[in-house]
């Protein structure tokens, strides 16, 4: 079992390309996040069934390097992970490959063991009316749909069975393995061909 120090290290490693986040900002994530061992197991399960089907390059921000822990507004508990794969594949930022699927970028992994499903089945068919929602629908929704991206606000609470109170982004970046092991607080995931991938991680 990892120590609390190792767990906080697991949470606090920042991506070089993103500004550091004050540790106090992680308070909700510390309370809601599954243990590092649990997160590693969840990611391994996703990789076992999704490599070559939902993504090609684990730990690469152009393809697959993050998920979003969805928190229940009533309990504050993490209920599911919303993964975004093929993030930039086929765009001017990463034109080298064709996307694996036009409809295969958003995946919901239930933390209670129900497995992984295409998040599109939980997408809203309509949106509430208010200034904030009208702004989202007019400004953000067209851009998200153009990229085939589904975010937590686009998920229907009635279909999900809970109301998301927002999400905590869990990022995992590929890093060198040292003696076959990840850096302290990191993860080690095995691809279907047996190749190990070591990752540094952060929550934000």
(request) Round to a whole angstrom and tell me the spacing of the C-alpha centers of region 31-71 and region 88-110. (result) 15
(message) At a threshold of 8 angstrom on Cα-Cα distance, excluding pairs fewer than six apart, so keeping six or more, what relative contact order does region 96-204 reach in percent?
(response) 18
(request) When you have a sec, figure out the Kirkwood radius of region 56-159 from all distinct Cα pair distances and drop it here in Å to one decimal? (result) 14.9
(request) Mark the label point 7 Å from the Cα of residue 97 along Cα→Cβ and return the residues of region 44-70 whose backbone N is within less than 16 Å of it. (result) 47-66
(request) Please report the Cα spread of region 140-202 along all three principal axes, rounded to whole Å, starting with the longest. (result) 46, 26, 21
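Laboratory data are not the source of any read-out in this text; all were calculated from the coordinates shown. It should be emphasised that the depicted structure is a prediction, and the values quoted were computed from it without experimental measurement. Because the Cβ atoms are built from the backbone with ideal geometry, glycine has one as well, and the counts that use them run over all protein chains shown.
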